[in-house]
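Visitor: Can you read through this structure? Questions will come right after.
The values are calculated or read from the model by the stated rules, or taken from the named source; none is laboratory data. Just so it is clear, the model here is predicted, and its values are computed rather than measured. Cβ placement follows ideal geometry from the backbone for every residue including glycine, while neighbour counts extend to all protein chains displayed. Accessible surface areas use protein heavy atoms only, side chains included; no ligands, DNA or RNA. Shrake-Rupley method; radii C 1.70, N 1.55, O 1.52, S 1.80 Å.
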Amino acid sequence: TWKTGRRNGNNRETWTGTFQSPKSRDFFISVTSSKEPVPPEVQLLHSSCDSRSGDADIELVCLIQGFYPEDLEVEWLVGGKSGLLASRTDTPRRDDTGYTFSTTSRANVSQADWLEGNTYHCQVTHPATFVSPATSGCQSSGISTYIRQPTPKDLYVNRTPKILCVMINLVSEEGLSITWSREKQGPLNPQPLDVEEELNGTYTAISTLPVTVEEWSLGERFTCTMQHTSFSAPITMTTSKRTEPSRAPKIYLFPPHHEELTAPQKQSAGEATVHLTCLIVNFIPRDISVQWLMNDNAVPEDHYVNSPAMKGNQDGAYIMFSGLQIDQAAWEAGNEFTCMAVHEGFEEKISQRTVQKSSGKK
């Protein structure tokens, strides 16, 4: 069953998932979380904005603040390329107030490399945001930029993968442009730049680059270059498919708890509701898409909630939950409900589990 509780400061909404073994009335596992994932705020500083003489190194300091959960990855890029800059990242420390964490990552750049005008990125991967990059420079515009990889659903189900290059908190559209390039020869057909004005008066710009499943799967590298009047130099960000070994998820699907089915229910719009829970564990990488089906038809996304993929306690594998709310009458009628996961670790890229009242579990 899934229950929601009070909103309280940064904790926002409390949700509890309780699972019961289908062969016993004993609890199988119970998980409670009152902490909603919080994306990090990333700021990149360096030791001086002025040219310096001598052979002293320039120190780059990446401040990563106010994030939850604790797990994140930090990668330093030089001109959009990884593996060129040695760095050290502190163990995340809990903030004095709230439940979030903060940490610092540092890297040193030689005077000669600094004077060449290279662009340095501190790229933070976190379950709440996927990628939060910061770029070296003297501007303090508050603009955030990131690049988003294709989702497993777009890759393996829709077969329409796309990469997004995003700029947030722009004060104007003046001098704004986003262009794309690729490592190998081939066509590039980005969609028209989408710019929207937010309620606070700032602008968000999104450039979408459709790619093919084949070129993405083969590790092709794509780069977006962002320019704006507030930038001292263009920002470039590069992405490609991760090369880490994959591990297929295990999926466990739980029907509504018997106490939820039998207990007196508050009526909402004339219908009592119950909850199904999908537990997905032991998968690598973290990229996964989860959706629900009712009698093989897609359930609207606002009827279920997916937790972010969180790193478990062993082997660096990930775990997540998905909860579906349905009318109790739909369950009593014997409809089939399916939890479908899309992940590169599956041989067919897709796997699913189905449950219905008549069998209890399938």
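Visitor: Listed highest first by mean packing, meaning other Cβ atoms within 10 Å per residue, what order do 281-293, 325-337 come in? Could you put the intermediate results ahead of the total?
Guide: Working: 281-293: 19.8, 325-337: 15.5.
Put in order of decreasing packing, that is 281-293, 325-337.
Visitor: Take the residue pairs K241/K357; K311/K357; K184/K311; K162/K184 and return only those whose Cα atoms are more than 29 Å apart.
Guide: Working: K241/K357 41 Å; K311/K357 33 Å; K184/K311 34 Å; K162/K184 17 Å.
Beyond 29 Å: K241/K357; K311/K357; K184/K311.
Visitor: Accessible area of H228, 1.4 Å probe, to the nearest 10 Å²?
Guide: For H228, solvent-accessible area is about 10 Å².
Visitor: Whose amide H sits under 5 Å from the amide H of T100, counting only residues 5 or more places off or on another chain, with H placed in the peptide plane?
Guide: Counting only residues 5 or more places away or on other chains, the set is D95.
Visitor: Okay, moving on. What list of ³J(HN,Hα) values in whole Hz, one per residue of the stretch 294-307 in order, does the Karplus curve 6.51 cos²θ - 1.76 cosθ + 1.60 (θ = phi - 60°) give from phi, with Gly and Pro shown as x?
Guide: Computed from phi, the couplings for the stretch 294-307 are 10, 6, 6, 10, 4, 8, x, 4, 6, 8, 9, 10, 10, 6 Hz.
Visitor: Here is a further query. Of R242, R148, which has the most accessible area and how do the rest follow, probe 1.4 Å?
Guide: In descending accessible area the options line up as R148, R242.
Visitor: Heavy atoms only, 1.4 Å probe, whole protein assembly: order Y99, Y156 by accessible area, highest first. All intermediate terms of the calculation are to be shown ahead of the outcome.
Guide: On the way: Y99 10, Y156 40 Å².
Greatest to least solvent exposure: Y156, Y99.
Visitor: Going from most exposed to least, what order do E73, E196, E220 have by accessible area with a 1.4 Å probe? Intermediate values should be presented prior to the final figure.
Guide: Details: E73 75, E196 100, E220 5 Å².
Greatest to least solvent exposure: E196, E73, E220.
Visitor: Just the accessible area for C224, please: 1.4 Å probe, Å², rounded to the nearest 10?
Guide: In the full protein context, C224 sits at about 0 Å².
Visitor: Just to confirm my numbers, what's the Cα centroid distance between the stretch 200-233 and the stretch 279-295 in Å?
Guide: 27
Visitor: Considering only the other residues whose Cβ falls under 12 Å of the Cβ of I147, what net charge follows from Lys and Arg at +1 and Asp and Glu at -1?
Guide: Working: positive: R148, K162, R221; negative: none.
In short, +3.
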